[in-house]
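Report on one structure; see the data block that follows.
The values are calculated or read from the model by the stated rules, or taken from the named source; none is laboratory data. This structure is a prediction, so every number in the text was calculated from the model and none was measured. Reconstructed Cβ throughout: ideal geometry from the backbone, glycine too, with neighbour counts over all protein chains shown.
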Amino acid sequence: MSDLVEVLEVSDMTVRRDLDVLAGKGLVEKVYGGATAVTARSTDEPGFERKFVRQGPQKEAIAAAATELVEPGSAIGLTAGTTTWTFAHALAEIPGLTVVTNSVQVADVLRDARAPDRNVVLTGGVRTPSDALVGPVAVHSLRALNLDVVFLGVHGMALGSGFTTPNLTEGETNRAFVTAGRRLAVLADHTKWDSVGISTIAELGEADVLVTDDGLPGPASQTLEEQVGHVITATTREND
């Protein structure tokens, strides 16, 4: 921290504030005394708390846009993740939903909303560092279900590797979600582009809808428009 203060010739408070902003955008990871660059290994799996602070405005914009895909009284699936967790908050006003999820965090949000006409089904399974319930128990329960729309959160999306996760077992569970849904909607902010996890959940072309934000570079938008059934680009508050 002191090195940055000296090199940049700014106050300690300014450095701390700017590092908070960079960490919030997922560009650095804060550590004691400063920050380090974010690495991108295919098996890196940040915990829920680390991912929660990243791209907040983008996730909120994506969640608001994705609610247009939810019909009252429908049965939907929400995979684990901070984007789907944000989306769960946006479902409060949609009546009669049955929501199937493998996320304790998502289930808690839906329970706290206390909607009397909502059913929440938690798959069970083994908990991952990112708070997903995965494994044979989760997969077995999903195989018996038929969902109108599955909303999938992902670690990365890229041409060739498709939509990916850094956890092999979570990949298997999310593929079971994809199979259970009549439609697949992927919720992914722009930082997920060209990030690749070890396990492919679905090819880009398997998504009926991708909901992303307006930070996606032009060439990436064009590629996704060509590959995905329909791309919805949400405008973030900071870009209004």
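Structure above, values below:
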quantity: Qualifying residue in segment 215-232 (condition: of a type outside the set (V, I, T) and in a strand (DSSP E or B)); calculated: no
quantity: Residues (outside any helix (DSSP H, G or I) and under 23 Å from N167 (Cβ atoms)) located in segment 87-119; calculated: V99, V100, T101, N102, S103
quantity: Of the criteria (1) touching a helix residue (DSSP H, G or I) at 6+ places or on another chain (Cβ under 7 Å); (2) over 28 Å from P219 (Cα atoms); (3) surrounded by 19 or more Cβ atoms within 10 Å (Cβ to Cβ), which one V150 fails; calculated: (2)
quantity: Residue within segment 36-56 that is at pLDDT 65 or above, touching a strand residue (DSSP E or B) at 6+ places or on another chain (Cβ under 7 Å) and of a type outside the set (D, E, K, R) present; calculated: no
quantity: Set T179, T212: member being within 21 Å of G56 (Cβ to Cβ) and modelled with pLDDT of 95 or more; calculated: T212
